[in-house]
Protein chains: 4
Amino acid sequence: MSSELHFGNLSVSIFGESHGAGIGVVIDGLPAGIELDTEKILGFMARRAPKKDGMSTRRSEKDTPEILSGFYNGKTTGTPLSAVIRNTDTRSQDYGNIVSAARPGHADYTGYMRYNGANDPRGGGHFSGRLTAPLVFAGAVCGQILEKRGINSCAHILAIDGVYDESFNTLDISEDTMESIKCRTMPVIDESKGDEMKEHVRAAAEALDSVGGIVECAVIGLPAGIGSPMFDGLENRISQAVFGIPAVKAIAFGKGFGFAEMRGSEANDPMYMDNGTVKTSTNNNGGIYGGISSGMPVIFTVAVKPTPSIAQPQKTVDFISGQNAELVIKGRHDACIVPRAVPVVEAAVNIAVLSFLI
Amino acid sequence: MSSELHFGNLSVSIFGESHGAGIGVVIDGLPAGIELDTEKILGFMARRAPKKDGMSTRRSEKDTPEILSGFYNGKTTGTPLSAVIRNTDTRSQDYGNIVSAARPGHADYTGYMRYNGANDPRGGGHFSGRLTAPLVFAGAVCGQILEKRGINSCAHILAIDGVYDESFNTLDISEDTMESIKCRTMPVIDESKGDEMKEHVRAAAEALDSVGGIVECAVIGLPAGIGSPMFDGLENRISQAVFGIPAVKAIAFGKGFGFAEMRGSEANDPMYMDNGTVKTSTNNNGGIYGGISSGMPVIFTVAVKPTPSIAQPQKTVDFISGQNAELVIKGRHDACIVPRAVPVVEAAVNIAVLSFLI
Amino acid sequence: MSSELHFGNLSVSIFGESHGAGIGVVIDGLPAGIELDTEKILGFMARRAPKKDGMSTRRSEKDTPEILSGFYNGKTTGTPLSAVIRNTDTRSQDYGNIVSAARPGHADYTGYMRYNGANDPRGGGHFSGRLTAPLVFAGAVCGQILEKRGINSCAHILAIDGVYDESFNTLDISEDTMESIKCRTMPVIDESKGDEMKEHVRAAAEALDSVGGIVECAVIGLPAGIGSPMFDGLENRISQAVFGIPAVKAIAFGKGFGFAEMRGSEANDPMYMDNGTVKTSTNNNGGIYGGISSGMPVIFTVAVKPTPSIAQPQKTVDFISGQNAELVIKGRHDACIVPRAVPVVEAAVNIAVLSFLI
Amino acid sequence: MSSELHFGNLSVSIFGESHGAGIGVVIDGLPAGIELDTEKILGFMARRAPKKDGMSTRRSEKDTPEILSGFYNGKTTGTPLSAVIRNTDTRSQDYGNIVSAARPGHADYTGYMRYNGANDPRGGGHFSGRLTAPLVFAGAVCGQILEKRGINSCAHILAIDGVYDESFNTLDISEDTMESIKCRTMPVIDESKGDEMKEHVRAAAEALDSVGGIVECAVIGLPAGIGSPMFDGLENRISQAVFGIPAVKAIAFGKGFGFAEMRGSEANDPMYMDNGTVKTSTNNNGGIYGGISSGMPVIFTVAVKPTPSIAQPQKTVDFISGQNAELVIKGRHDACIVPRAVPVVEAAVNIAVLSFLI
């Protein structure tokens, strides 16, 4: 197996290649009888879709999912919910020269080795960022179910190319804050920083280059006591899901690597009673202790590497002939995928969190 | 489930509480007929054991595992290999006052909420760092099997309290380097940094405080093509395993969060042929693309938070009475668990990597 | 989860409802680079399709699967192979009165209780026998991979309504025998028995009734040593898969219930060497000891209950109003589904057996 | 993996060999805070233990499990509950000649092939019936939790060597009936049949032979709506668990193979309202439709083959030298294991049923 999440009673199975007939997802184990707003699912997916703002791929992806099963009379049936997205606007010829010349930073060579050359290499095949569309579909479905239970998630761009947005207030994030971030083309807290980030992306694009960044994500409304110790806690499931997003190379909960320079007296979150509820006066641990939620916001950050597809000539190898080669990547590529990664991270965490509540 | 890793055909199931009768592990799915050197397993476990150097807990843990099954005539049988470690030197009375007063930074409160107060709270119960002993046992077993296939792993302390060791040479790490690191009381590359780190730990201990750090881990000898895309790749399995270690709060592959300030032209690892082998001239991606190994060393770092148990008074709550409280933690605790976390990280990665090869 | 088989590294996930947009399957974990003959897959599926012989449902099912992913240049890619079958000829109005009046012998009531009434009841929804079409697709794919390794499976009708076909020769079954059985409209060994069975089915249909039967299945070419003890052996996986077929109510390996009247001296299969190969002179155990293959043919039988949908009035309940009711089922139904179950049993065993070889 | 049941959130992992240091089980995923009566667990295990009645093995097994974890203050903690049973009275010398001469009907040869000769062959190693002791332990724990929810299970000997006990009344079984069956040395409904069975067993033993039989099992109190369609229903999980019992070769739900000679009008269970509850006036389907419980008793039967170990000379092969051989089995063996299989079947179904309720 490769492309399935199995979290307790919930399973999400993703399939497809970038330039094949279609991509899709099967979600097995959803609770039955939950109303889903399909417009809202499309709205979630639109946040991942390429924008016409010069920042993202010029490939026009309709990406309208067709629900094939598991949804009846506007509600989940409890049986597997599946959706298919057709691949239409594919220009495989753009990828002609990458069948054997590995794109540096991509999985062309490793995929070739893994599948003995039998995998579909066009557009990255199964490794394509396009596969995040069905992941976002699944996350949108899970997110709606979470919302009905008072649980909301939201991600934003924390950094692009060294430009930093504000961090979330780890003690208190409102649904309103979350909603306004989600409405923005650049999903940031401080919109001026978003503009600055855009400048950096444009500059990188002009330099035939790309930039990376950090996504910060929060989950609010999760009650204390969700998760499990050791290998099946919030951190384990969230990280397993999030590393399913191409280009993600790191994940940190709470202060993350910042703990390396803290002392215990500073790192430990002091606890107090607030109207009968246990709270912490700092939330360095990102709302998770021993893999289990504390009731405080769950907070984590995710590193997204710069888009590997750049228009500059790159040194590489032709892995079939076994020769050194120089590669110029054609095709349409985002100079920065961080903005599009934002809803994907949200989707991944929605799946992970919902899985504990089924 | 909570305390099981299920990686393809390999399963590792850990059980036990800090102050119960014993702790242990069942490893199901090992290949049959593999010779295991039990002395070497004990040697691996000794690296995790508390040291008599003033740096770690003064609890004398024998931690000698008894193998109950799956091992016959010096070889794995292929059937479940289990081992039990008795708990002997437990001083539950030291923990008397933490049954209801949550230790900040620990899972006392979240565990209470998760298990409705039924979990064994003594010494942290199932959340105790002591549970890493069976994890190390399993990792030692897996490591020996990997070694027979020419795959070696090694971790070292990259940082404690802001003091940084050298990083691994991500392009070329020798087995000899690995072996010498493993022999050191402070597992570092630059021993002078290890001494400096010790000073910081002692200073923290004297201040009734604790310090955190970073562990860096490398796997060499792993051929290209190991792993899978999306949810079942090297990054997914390694992170799921590593977040099973208490106090780990972040994981980063290759440059990790450093990618946020890099451009694609710098981040992409240029590829070249080296005597018929594909190599990369940088290894920013930590030897993994699309979840699959490239044949270059696999490199990742892990953030370890400061030991939450500190001897200073801390603000907390009594989660049974629902009152604010002040807590002074008694008992024997490491002022820094980073040195002991080193072999545990190695163990976790050994399990994850071996699982792909069965 | 409900509709997924997870066997080691192989996963088969089935989705869809009888009268929804479509049904399908995702197969994750197939080996890469295996040529598949799509005509042959259709041929396998045609064996399950309704026949125009008056014996089976008059619904015209095209059931042509569209492969969406995982198949490129005529070969498996190693990434998830998915296929969708559109539902076209659905007459939901036939099912109007069964939305709340449970069809006896069907899952209408139990499904209603399981899903709190949210499941799609039309045509049995996810419980419909139609869901065996994607199962057969998956089994056809797995079967082709097995054949390339010299492993063949074949099922036949052992009994319908008390009319018994010959049993397989459990010591020696040729591929030729298997091929000729598969070509027959009534898949039996002794065709005269097939004619007799047909008569019984017609008689039952005329009496507005239905009949059940037994399917016997064999797998040849499986080397000794495949499977595992206790919970993950051949018997465990085959039975888990086979009970996924609606109407299957029993499974027996080798002599099955016949063992109840045998003595050990008779039941034990004496062993001998045959040109360097271990064989048994009887095969009462159906080629499986301790969950592991012996190298002799694997043999099992499966009981298929009479089609629950019969045209006679039946006593039932309206599970919404909570009243007793009488029901007359309209729609198109097979008076005997045993012939169509034959390739489905083969498909199920193909998946189970292949899973041990990946 | 081989010896683990993974049912949704519940996992049961069994380890050990017959003549190794010990055997045991880890149960992960139990609800927290459930009181367990350890005396009652021992009572359940005693039903499986060899009797001093000449009917079962003369090996004196104490089989007292030591609970190592997951149990605190008389209650489950919610963390993994583990138990170990020491192997004490082992006479490995009795097995000296079976290391390479395969015992017909046993897994000696298949196990050898599976594990390339590395498995522990003494006393059957991991294939030994002794491994059912930890299975019974787990089933006893699960059974107590089910009882608290009003769900009870009971098995009895339906047949030994052609002597048949009464069948359960499939429409109505009382807890009292269950309790009285469990108290009997020969767990039957009609004790006179039990005496007759004993005679057959003694006769077989005198003839240096063994006999097989059938176990019938019922679960009462299970509400309607438990289970899932296709691959994760009651039949799938129960059969996967039950085939984990050595010597079980068949399982049938409700009428099982009897359906082959029934018509739909007879097989379908008519439904009616009984004081607001849906019931069926027959229960041919064993309380399961589409993998989901109907609220009627769940009923199934299991075929147990005659003990393969018989004292007569048997034709076999020496699988190391590759020669034909004659074998006379020494050691202590039951001439009939059906009575001891009864609580094991109950244990298996308890685990399967509880898994749906967590």
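In chain A, Cα pairs under 8 Å separated by at least six residues give a relative contact order of 23 percent. Distant-in-sequence amide contacts of residue A:317, defined by a placed amide H-H separation under 5 Å and a gap of 5 or more residues or a different chain, comprise A:102, A:325, B:271.
Give me the log10 of I(q) over I(0) for region C:183-262 at q = 0.11, 0.12, 0.14, 0.16 Å⁻¹, as the Debye formula computes it from C-alpha points; what are the numbers? Calculated log10 I(q)/I(0) at the listed q: -0.47, -0.55, -0.73, -0.89. Packing-based ranking of C:314-320, B:30-36 yields C:314-320, B:30-36, ordered from highest to lowest mean Cβ neighbour count within 10 Å.
A label point on residue C:184, set 7 Å along the Cα-to-Cβ line, lies at 4.4, 7.3, 7.6 nm from each of its counterparts in the other copies, closest listed first.
Report note on the peptides A:265-277, B:165-177, B:232-244: ranked by the mean count of other C-beta atoms within 10 Å, highest first, their order is B:232-244, A:265-277, B:165-177. Taking amide H positions as modeled 1.01 Å from N, with prolines and chain starts lacking one, the residues under 5 Å from residue B:189 and 5 or more places away or on another chain are B:166. For chain C, the mean projected area of the C-alpha convex hull, equal to one quarter of the hull surface, is 18.6 nm².
Kindly flag which residue pairs out of A:148/B:315; B:198/B:330; A:40/C:75; C:182/D:279 have an alpha-carbon separation exceeding 32 Å in this structure. From A:148/B:315; B:198/B:330; A:40/C:75; C:182/D:279, over 32 Å: A:148/B:315; A:40/C:75; C:182/D:279.
Separation of region D:299-340 and region B:239-285, taken as the distance between their Cα centroids, equals 56 angstrom.
Charging the Cβ of each Asp and Glu at -1 and of each Lys and Arg at +1, and nothing else, the dipole of the protein assembly as shown about its Cα centre rounds to 0 debye. In terms of other Cβ atoms within 10 Å, A:37, B:108, C:161 run from fewest to most in the order A:37, C:161, B:108. Straight-line reach from residue B:305: which aspartates and glutamates have Cα under 17 Å away, leaving out those fewer than 8 places along the same chain? Counting by Cα, and skipping residues close in sequence, residue B:305 has these aspartates and glutamates nearby: A:235, A:261, A:266, A:269, B:108, B:161, B:209, B:216, B:334. For the segment C:296-308, counting C-beta atoms of other chains within 10 Å of every residue's C-beta and taking the mean gives 4. With Cβ to Cβ distances under 10 Å as the rule, what net charge do the other residues near residue D:346 carry (K, R +1; D, E -1)? Charge balance near residue D:346 sits at +3. Projected over every direction and averaged, the convex hull enclosing the alpha-carbon atoms of region A:277-358 yields 9.9 nm². Per-residue ellipticity at 222 nm computed for the protein assembly as shown from its helices equals -8000 deg cm²/dmol, with DSSP H segments shorter than 4 residues left out and the rest contributing -39,500 (n - 2.57). Taking 10 °C and 1.306 mPa s as conditions, the protein assembly as shown diffuses translationally at an estimated 49 µm²/s according to Stokes-Einstein applied to its Kirkwood radius (Cα pairs). Rounded to the nearest 10 degrees, the angle from helix A:338-355 to the longest Cα principal axis of chain A is 50 degrees.
Mind pulling the angle between the C-alpha long axis of helix D:191-206 and the longest principal axis of chain D? Nearest 10 degrees, somewhere in 0 to 90. With rounding to tens, the tilt is 20 degrees. Specify which residue in the list D:87, D:323, D:349 is farthest towards the positive end of the charge dipole of region D:4-355, using unit charges on the beta carbon of Lys, Arg (+1) and Asp, Glu (-1), about the Cα centre. Toward the positive end, the furthest listed residue is D:323. In region D:108-233, the alpha-carbon atoms span a convex hull of 175 Å³ per residue.
What separates the residue D:323 label point from its copies, with the point 7 Å along Cα to Cβ, is 6.3, 8.2, 8.3 nm, written shortest first. Counting Cβ atoms of other protein chains within 10 Å of each residue's Cβ and taking the mean over peptide D:202-208 gives 1. In nanometres and ascending order, the distances from the residue C:74 label point to those of the other copies are 5.2, 5.2, 7.3 (point 7 Å from Cα along Cα→Cβ).
Read-outs throughout are calculated quantities, based only on the coordinates presented, and are distinct from any laboratory measurement. As the structure is a computational prediction, the values presented were derived from the model and not from experiment. Quick reminder, even Gly has a Cβ in these numbers, built from the backbone with ideal geometry, and neighbours come from all protein chains shown.
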